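To start, the structure under review is shown below, and the notes come after it.
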Amino acid sequence: MRLVAKPNGLKGRFPDFLVIGSAKSGTTTLYEYLQRHPSVFLPALKEPEFFSKDSVFEKGEAWYKALFAEAGGDQICGEASTTYTRWPNTPDVPARIRDLLPNPKFIYLMRNPVERAYSHYCHHMRLEVTMTFEEALNRNSIYVDCSLYASQIDQYLRFFPKEAFLFLLLDDLVIDPHGVMTKVERFLKIDAADVVSGSKCHANERHHEFVSFHTTGRIRRLPGGSIIADVIPSKLKRRIHDFVRQSSFGGNLSKKHAISPMLRETRKALVERFREPNEMLSSRIRRDLSFWNK
């Protein structure tokens, strides 16, 4: 294990690694696994979005370092912000990271691009279903952009060596979470620990997202609720959401916010749209991804 001493005279420190995405690809599950590891410190705020949101970046280095102030001297620090791989919607992220962090490591978790795009759309409709998936695709390129993984990777390779990245697939996290976490531990150079037992991946639970969003929203409307909602550990949030889902209130929300499935012709068109980008990604990460082209 690599020992990291806290800088003298400074409150907090910079992270050693970043989980940079992709959105709706199991990053919450990965975050929860990493939180359980005794050698890892992650802030309660899962997605600081420091490098991707101007309003947050303007808070400055001191604010960012303070997120990791409670880390132990024998822990490595990390954070997970999926908005770090939303180029060209967030174009300055890699350069900002390069200018601030000395030698960061990156974990990039990816998912079948068609399924990821649809799940991203469902996430945006969590407050209210205002359009179909097909209408959303026509109005906003973000659903396709964030699934163009090779293009996202290329933005980072302009500033960082390929050795600084660990590329993972949601497919593997679902089938073999122990194996995936072993890769993560080796990549981060930390001791092995059982952080997976008794857990499952939550990436496909889009039918629960409305309930989770509205539950957290009600907490935020309480006096001081926004602060409470930001610091509640992910594990406790999930327990609260699970409790609400099983109630009549949760059942009514799920019915109210039901989303139509993706049209067959839309899926077919997206499979073709992503075919060549998937081949580019396959060559970059040296992994056969032909099973995504179905």
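General remarks:
- E70 vs. criteria acidic (D, E), surrounded by fewer than 21 Cβ atoms within 10 Å (Cβ to Cβ) and out of contact with any Ser or Thr (no Cβ under 6 Å at 6 or more places or on another chain): yes
- Condition check for I20: aliphatic (A, V, I, L, M), surrounded by 16 or more Cβ atoms within 10 Å (Cβ to Cβ) and farther than 30 Å from P261 by Cβ: no
- Selection within the range 257-279 - of a type in the set (S, T, N, Q) and part of a loop (DSSP other than H, G, I, E, B): S260
- Evaluation of E209 against (1) of a type in the set (D, E, K, R); (2) at pLDDT 95 or above; (3) assigned to a helix (DSSP H, G or I) (one fails), failing number: (2)
- Evaluating R158 against the criteria (1) at positive phi; (2) basic (K, R); (3) in contact with a Pro (Cβ under 9 Å, 6 or more places away or on another chain) leaves one unmet condition, (1).
- For T83, the requirement of being modelled with pLDDT of 95 or more, surrounded by fewer than 22 Cβ atoms within 10 Å (Cβ to Cβ) and closer than 20 Å to S119 by Cα is met.
- For the range 1-27, the set of residues classified as of a type in the set (S, T, N, Q) and at pLDDT below 95 consists of N8 only.
- Put simply, of E185, E163, E135 the only residue that is in a helix (DSSP H, G or I) and touching a residue at least 60 places away in the same chain (Cβ under 8 Å) is E185.
- Failed item, numbered, when K189 is tested on (1) more than 28 Å from W87 (Cα to Cα); (2) surrounded by 14 or more Cβ atoms within 10 Å (Cβ to Cβ); (3) more than 20 Å from the chain's Cα centre (by Cα); (4) at pLDDT 95 or above: (2)
- Here L170 passes the criteria (1) modelled with pLDDT under 95; (2) closer than 18 Å to T83 by Cα; (3) touching a Lys or Arg at 6+ places or on another chain (Cβ under 6 Å) except the one numbered (1).
The values are calculated or read from the model by the stated rules, or taken from the named source; none is laboratory data. Every value quoted in this text rests on a predicted model; they were computed, and no experiment measured them. Quick reminder, even Gly has a Cβ in these numbers, built from the backbone with ideal geometry, and neighbours come from all protein chains shown.
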